[in-house]
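Below you'll find the structure, written out as structure tokens, and then a few comments.
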Amino acid sequence: MKLKFSKISLILACIYIVVFFAFTSGLINSLIEGQKYNVSQILPTRSIQNNFETIIGITILIFGFIGILVIYKANSTNKIKEKYMFIAAGLIIFSISIYFMYDLLSLKQG
């Protein structure tokens, strides 16, 4: 019974995180103002955002979160080499996420 409860809570936590990231990456702005610009390109303005940019933002935030989770996983391992591997992999994933977030921001500025 406890295992079933933990699966349900894990699913609900994942849904909560995805919804939080959707709101963080501008879901409301894309629903209100970006519907008339429903193209598969990045609009060079910071005041309007389309659905394509929102999906890219959610993906970038999820990859950054996965990088932080990999770094956190390093805390639970006992072998020192595994700790370094988890930390290195997590930092690489998180750094790539940060790079793409700044790249998206520079594309939005024009």
Just for segment 31-44: of the residues that are of a type outside the set (Phe, Trp, Tyr) and surrounded by 12 or more Cβ atoms within 10 Å (Cβ to Cβ), which one is modelled with the lowest pLDDT?
Gly34
Would you check if Tyr99 is more than 30 Å from Glu33 (Cβ to Cβ), exposed (fewer than 13 other Cβ atoms within 10 Å of the Cβ) and aromatic (Phe, Trp, Tyr)?
no
What number goes with the only condition from (1) hydroxyl-bearing (Ser, Thr, Tyr); (2) touching a residue at least 40 places away in the same chain (Cβ under 8 Å); (3) more than 29 Å from Lys108 (Cβ to Cβ) that Thr45 does not pass?
(3)
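To keep it simple, each residue is scored yes or no on (1) within 23 Å of Lys108 (Cα to Cα); (2) among the acidic types (Asp, Glu); (3) in contact with a helix residue (DSSP H, G or I) (Cβ under 7 Å, 6 or more places away or on another chain).
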{"site": "Leu10", "(1), (2), (3)": "no, no, no"}
{"site": "Phe23", "(1), (2), (3)": "yes, no, no"}
{"site": "Gln35", "(1), (2), (3)": "yes, no, no"}
{"site": "Asn50", "(1), (2), (3)": "yes, no, yes"}
{"site": "Thr54", "(1), (2), (3)": "yes, no, yes"}
{"site": "Leu69", "(1), (2), (3)": "no, no, no"}
{"site": "Ile80", "(1), (2), (3)": "no, no, no"}
{"site": "Ile87", "(1), (2), (3)": "no, no, yes"}
{"site": "Gly90", "(1), (2), (3)": "no, no, yes"}
Selected residue (criterion: surrounded by the most Cβ atoms within 10 Å (Cβ to Cβ)) from residues of segment 48-94 that are outside any helix (DSSP H, G or I) and over 21 Å from the mean Cα position of the chain (by Cα)
Thr77
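The values are calculated or read from the model by the stated rules, or taken from the named source; none is laboratory data. This is a predicted model, so every value here is computed, not measured. Please note: Cβ atoms are built from the backbone with ideal geometry, for glycine as well, and neighbour counts cover all protein chains shown.
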